[in-house]
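This report concerns only the one structure given below.
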Amino acid sequence: MLDSLTVFLVPFFIVSLASLLILLLYPFTTSLSAKNKELAKRKLENFPEVSVIVPTYMEEDNIERKIDNLYGIDYPQDKLEVLVVDSGSTDDTRSIAEEKGVKVINLKKRGKIKAINHGVEESSYEHLLLTDADVFQNKNALKEALIHLVKGVGAVGGRSRIETDVLYQKSKKMYHERDWDLRSKESVLDSTASLDGKFILTKKEFFEDIDEEAYTDDLQLTVDIRKKGLRAIIPETVFVTEKTPDKVSEDIQQMRRRCSLSIGNSVQNLGIVKDLEKFQSIIFPVRRFLSYFLPFKLLVVSAFLILTSPLIFSFLVGLNIVLSVLKPQVFYYNILTFILLLSWKDYLLGRTLNGCRWD
C-alpha cells in the first residue's frame, strides 16, 4: 500500500520540487536580468492637474489625516482635485471629509471597484491618482510617479512602508521590503506582478471601468493595462506609509482576506498566460500561481519525504523551527504559508466576495 502511494506521489513530488526551485531562483534571476537597467524618466517641466480618488468605507479614524497628507505633499494644491467616494459609511467619514472642503460622493452602494469607477466618471482631470484612505504618501511621491509616467507606461504604483516596533510586524516589514524590491525589478524588465491599490497613478486614456465582477481592483487594473500593450511599473522612489492593524489576529485576518481575493482574481485572468510577453508568460504565472500553490507543494513534498525518508523530513522540520526562532522572516513565511492555505479554503468554499465589497 505504501509502495503504491509512494509511486503515485513521485510525479507530484517532482513537479512540486521543480516549482519550488523556480520560486527560489526567481528573485535571483530577476535581479540579475534587471542589473544595470533603469526605468525611463522624463523631466517634469510643469505640474499637470490631478484628480485624486479616495474610495472609503468606515474610515473616520483615517480620513482627516489622509486629506491633510494629500494637501501637505510637495505639489501645488490648486492642481489637485480630491474626491472622496464613500460606500454608505454609517460613521463620520463623509462629514469629516466635507468639513475638510473636499468633494464627497455618497455612493451608498458598497464596493471599492464601484467607488473607483464612479470616482473616475466624476473626476475633472486627465491624470488620476487612486489611493486608499489608510495610507499616507511621502512628499515627493506624486512628482516621482509623474516623472515615470512616460510613453509605453500605463500606470505607476507606489511601494509601501510599514512603520512598527512590534517583532511580528518587523518580520512582515522585512518580507514586504523584499517583495517591493522584486516588483520594482519586474517593472524594469516588463511589468510588476501587481500594482497596489494604496497608490496608483494613471490617465483616463488608459483607464476603462474595472470589471465589477473582479475580486481585486489593483491586480485587475495591472492586467488591464498590460492587455493594452502598456506597462505597469513600481519605481524605487515612490513611497507610501501603510497603517496596519494593531492586533496580530486582525492583521492575519486582513492578510487572509487579501490573499483569497488575489487567488480569485488570478484565476479570473488565467487566460493571459498563453501570451508570450514577459509579464504574461513569466512574471504573472510565477508570482501568482506558483506562489499561491506553495502550501500544496509543501504538503506533497512532506508526504513524499515522510514515506521515503522520515529522517530527512524530521531534520528539515527541526531546521525550520530553529530558523523561525533565529530569523523573524522565516517565521513570517511560515505564517504566510498557513494563511495561503486558509485563503484557498475561503475561495473554494465561496466565502470570498468579488467586486471588492466591504463587509
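Nearest 20 debye, what's the magnitude of the dipole of the chain about its Cα centre given +1 on Lys and Arg Cβ and -1 on Asp and Glu Cβ?
Roughly 1200 debye, rounded to the nearest 20.
On alpha-carbon atoms, Rg over Rh for the chain using Kirkwood Rh?
0.99
What angle do you read, to the nearest 10 degrees and between 0 and 90, between the alpha-carbon axis of helix 218-227 and the longest principal axis of the chain?
Relative to the chain, helix 218-227 is tipped by roughly 90 degrees.
Taking the alpha-carbon centroid of each part, what is the distance from the range 188-235 to the range 69-144 in angstrom?
Each part reduced to its Cα centre gives a spacing of 18 Å.
Past the 22 Å Cα-Cα mark, which pairs from LYS112/LYS243; LYS43/LYS79; LYS112/LYS203; LYS103/LYS243; LYS43/LYS203?
LYS103/LYS243
Once the Cβ-Cβ distance between SER309 and LEU23 is put in as r, and R0 is 22 Å, what FRET efficiency do you end up with, to the nearest 0.05?
After rounding to 0.05, the efficiency reads 0.50.
Just subtract the alpha-carbon distance of GLU205 and ILE14 from 0.36 nm times their residue separation and send over the number in nm, one decimal.
Length difference between fully extended and current span is 64.1 nm.
Can you give the net charge of the other residues whose Cβ lies under 14 Å from the Cβ of PHE289, counting K and R as +1 and D and E as -1?
The answer is +4.
Defining a contact as two alpha carbons under 8 Å apart and six or more residues distant in sequence, what relative contact order in percent does the chain show?
21 percent.
Within the range 23-47, whose backbone N sits under 13 Å from a point 7 Å along Cα→Cβ of LEU323?
It comes to 24-25, nothing else.
Among the DSSP beta bridges whose two residues both lie in the chain, what percent are antiparallel, rounded to the nearest 5?
Once the DSSP bridges in the chain are tallied, antiparallel ones form about 30 percent.
I want to check the label-to-label distance for ASP92 and SER4. Put each point 7 Å from Cα in the C-beta direction and report it in nm to one decimal.
So the two model labels end up 6.9 nm from each other.
Expressed as an acute angle from 0 to 90° and rounded to the nearest 10, what is the orientation of the C-alpha long axis of helix 112-122 relative to the principal long axis of the chain?
That works out to roughly 30 degrees.
Taking the convex hull of the Cα atoms, report for the range 7-142 its projected area averaged over all directions, in nm².
For the Cα atoms of the range 7-142, the hull's average projected area reads 13.5 nm².
Rounded if a/c is under 1.5, else prolate if a/b is larger than b/c, else oblate: which is the range 198-254, with a ≥ b ≥ c the root eigenvalues of its Cα gyration tensor?
Oblate shape, in that a/c is at least 1.5 and b/c is the bigger or equal ratio.
For LEU349 and SER281 in the same chain, what is the full-extension length gain: residue separation times 0.36 nm, less their Cα-Cα distance, in nm?
The LEU349-SER281 span can extend by a further 21.6 nm.
If neighbour count is taken as other Cβ atoms inside 10 Å, put LYS109, LYS43, LYS143, LYS35 in order from fewest to most.
Sorted ascending by nearby Cβ count, the order is LYS43, LYS35, LYS109, LYS143.
Which GluC sites (Glu not before Pro) from the range 40-143 combine a DSSP loop assignment with at most 11 other Cβ atoms within 10 Å?
Sites meeting the loop and neighbour criteria: GLU45.
Mind checking the angle between helix 328-348 and the chain's longest principal axis? C-alpha axes, 0 to 90 degrees, to the nearest 10.
80
Between ARG42 and ASP78, how high is the FRET efficiency from 1/(1 + (r/R0)^6) when r is the Cβ-Cβ distance and R₀ = 22 Å? Nearest 0.05.
Here the calculated transfer efficiency is 0.45.
Working out 0.36 nm times the residue gap between GLU99 and LYS143, then minus their Cα-Cα distance, what length gain in nm do you get to one decimal?
Length gained, GLU99 through LYS143: 13.1 nm.
Which three semi-axes in whole Å describe the equivalent ellipsoid of the range 50-246, each the square root of 5 times a Cα gyration tensor eigenvalue, listed largest first?
24, 21, 16
Readers should treat all values here as calculations from the given coordinates under stated rules, not as data from a laboratory. Quick caveat: nothing in here was measured; it's all calculated off a predicted structure. Every residue, glycine among them, receives a Cβ derived from its backbone with ideal geometry; neighbour counts consider all protein chains shown.
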